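Peer 1: What follows is a structure written as structure tokens; I'll ask about it next.
The values are calculated or read from the model by the stated rules, or taken from the named source; none is laboratory data. Here the structure is a predicted model, which is why all the values come from computation and not from measurement. Here the Cβ is made from the backbone with ideal geometry for all residues, glycine too, and neighbour counts use every protein chain on show. When the accessible area is computed, the model is the full protein with side chains, heavy atoms only, and any ligands, DNA or RNA have been set aside. Shrake-Rupley method; radii C 1.70, N 1.55, O 1.52, S 1.80 Å.
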Amino acid sequence: MLILTRKEGQSITIGNNIQISVLEINPKSIRVGIQAPKQISIYRDEIYTKIQEQNRLAAEKVAGANLKQISSILAQNNVQAVKEQIEGRS
Amino acid sequence: METTEVSKSLLSPSLGEIQYDEDQIIIFPSGLIGFEELTSFVMYENEDLKPFICLVSIEEPAIYFPLLDPRLIDTEYGSDSLRSELKGLGMSSLEDALIFTIVTIGNDLAQVTVNLRGPLIVNPKRMLGEQIILIDSKYMVKHPLQLVNN
């Protein structure tokens, strides 16, 4: 990992089209601005890690039986009912 | 002019033998988040499993992801926030895109959740896909799927 020290107002350029700027430094947090092409995704680590973990859980040995069970429950009650349930709860 | 479709098959420990043609392969150039090495998939559908579809890895057939159309949960799902992501997949409008969300099913049927925050976008014309993360969205990573059981 490359480690640099920046002051408020200073920036870092990565490659030829990504720029990270330190906008504001506060005691407990810093404000960072990022300029990058639209095709490059930028995420806060917490959400990235969360999705990574969720993918892992989703791929975990799911017995085909569970999927079929849920499928038949949904078929019996139809997804419309499920949708209404969810809307009613929020 | 005749086109020969090469028929292939893979063996999924959970789903059984799955036959598919080369033109049914969907490539995720970046893989899925946390599974970057898995880039080739096929969709497996079966009457028994509806409304779920399984995204099965060709490289690791033991790995598959149950998918659900998020519009079954929220008919408004997927409007403006997804537009900027489409350029990378060669799509100009959302109408061309297929959107899927990954379902997590544990052993407990009361805790089935759908990841509405990290949908899969597929360009069906080019058979390319990508998993994206919605920024600052109201949608949850673990949206509970309430199963009404009589």
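Peer 1: Between the alpha-carbon centers of segment A:29-59 and segment B:46-61, tell me the distance in whole angstrom.
Peer 2: After rounding, the separation between the Cα centres reads 27 Å.
Peer 1: Count the net charge of all other residues whose Cβ sits under 12 Å from the Cβ of A:Ser72, scoring Lys and Arg as +1 and Asp and Glu as -1.
Peer 2: 0
Peer 1: Mind checking the mean number of beta-carbon atoms from other chains within 10 Å of the Cβ atoms in B:131-143?
Peer 2: Working: counts 3, 3, 8, 1, 5, 2, 1, 1, 0, 1, 6, 3, 2.
Mean partner shielding for this stretch: 3.
Peer 1: From the cross-link list A:Lys38/B:Lys138; B:Lys8/B:Lys142; A:Lys38/B:Lys8; A:Lys50/B:Lys50; A:Lys38/B:Lys125; B:Lys50/B:Lys125, which pairs have alpha carbons spaced over 32 Å apart?
Peer 2: Values: A:Lys38/B:Lys138 22 Å; B:Lys8/B:Lys142 35 Å; A:Lys38/B:Lys8 37 Å; A:Lys50/B:Lys50 27 Å; A:Lys38/B:Lys125 22 Å; B:Lys50/B:Lys125 24 Å.
B:Lys8/B:Lys142; A:Lys38/B:Lys8, as the Cα separations exceed 32 Å there.
Peer 1: May I pose another question? How much FRET efficiency would the formula 1/(1 + (r/R0)^6) give for B:Asn107 and B:Ser9, where r is the Cβ-Cβ distance and R0 is 22 Å, rounded to 0.05? Display every interim value, and only then the final one.
Peer 2: Values: r = 29 Å, r/R0 = 1.33.
After rounding, the FRET efficiency stands at 0.15.
Peer 1: Still on this structure: For the interface of B with A, what's the total buried accessible surface in square angstrom, probe 1.4 angstrom, rounded to the nearest hundred?
Peer 2: Values: alone 9330 and 8600 Å², together 13990 Å².
Interface area, both chains combined: 3900 Å², rounded to the nearest 100.
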